[in-house]
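Student: First the structure, which I've put down as structure tokens, then a few questions once you've had a look.
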Amino acid sequence: MAGKGVTSAPVVRPVFAESSKQVILRTAKENGTAPAGDRFTLVEYDGGYGPELIWQAERTGGLCAASESVMAGWCETVEETSGRRVPGVGVFVDPGLRERDGEASWVVRVMASGETIDRLSCQGREFPVRQVYAVDVAGARRTVYTASIPRNLQGEYRVSVQRDGKPDEDRLDLGFEKGRVVQC
């Protein structure tokens, strides 16, 4: 069951140009990071940012992501993934900065290893997370979530998680711009 701050995948899928998708998949094949079984997940964020593709590379087992603006994509190796704390949370792929209605926000991908995320919070504000991808890598379930946080509210976030079926809390450093960090 989804936690209080977790939003479900939308019923309407975001539009991702077929030509862009084909360029990404061709590039991934050339780089040796083609999706296992040609399967990938289309990802979107609350607030309309995205979409992106996330997949597990067939040959390397790494976890990859790409968007129409970054078609070459980015992959985290199995060694990098296995080095993550289990259970634990961390940033997956660099964040993106977006401006909408005059306000700047970070769009982040957060990976939970061996636990699930219910919500992110900072200074009493909760930020919804959207579960977008899950796969077993290096002996643990790796679940990727997306979230959008205000640019001016960076720092160590409280992450409410479910660990072994029980509520717990983790901390996650979302201080992307040092010097602009607010303690959450």
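FYI, it's all coordinate maths here, none of it is from the lab. What you see is a predicted model; the values in this text were computed from it and never measured. Neighbour counts run over all protein chains shown; Cβ positions are idealised from the backbone, glycine included.
Student: Can you tell which of G37, Y145, W74 lies farthest toward the positive end of the dipole of the chain, using +1 and -1 charges on the Cβ of basic and acidic side chains (Lys, Arg; Asp, Glu)?
Tutor: Y145
Student: Pull up all non-local amide H partners of Y157: gap of 5 or more, or a different chain, and H-to-H distance under 5 Å with H placed in the peptide plane.
Tutor: L172, D173, L174
Student: Against the longest alpha carbon principal axis of the chain, how many degrees, from 0 to 90 and to the nearest 10, is the axis of helix 18-30 turned?
Tutor: Orientation of helix 18-30: about 80 degrees from the principal axis.
Student: Please report, to one decimal in angstroms, the Kirkwood hydrodynamic radius of segment 18-173 built from all distinct Cα-Cα pairs. Spell out each step's value before the answer.
Tutor: Working: mean 1/r = 0.0622 Å⁻¹.
Every distinct Cα pair counted, the radius reaches 16.1 Å.
Student: Sticking with this structure for a sec: Quick one: putting +1 on the C-beta of Lys and Arg, -1 on the C-beta of Asp and Glu, what dipole do you get for segment 18-173 around its Cα centre, in Debye to the nearest 20? Write out the running numbers ahead of the final one.
Tutor: On the way: 20 positive and 25 negative charges, 31 e Å.
I would put it at about 160 debye.
Student: Given the options A138, A34, A65, which has the most mean-square fluctuation in a GNM of the chain, springs set between C-alpha atoms less than 10 angstrom apart?
Tutor: For the chain, modelled as a Gaussian network with Cα springs under 10 Å, the answer is A138.
Student: With an 8 Å Cα cut-off and a minimum separation of 6 or more residues, compute the relative contact order for the chain in percent.
Tutor: 19
Student: I've got another one for you. For the chain, modelled as a GNM with alpha-carbon contacts under 10 angstrom, which of K166, K21, K29 fluctuates the most?
Tutor: K166
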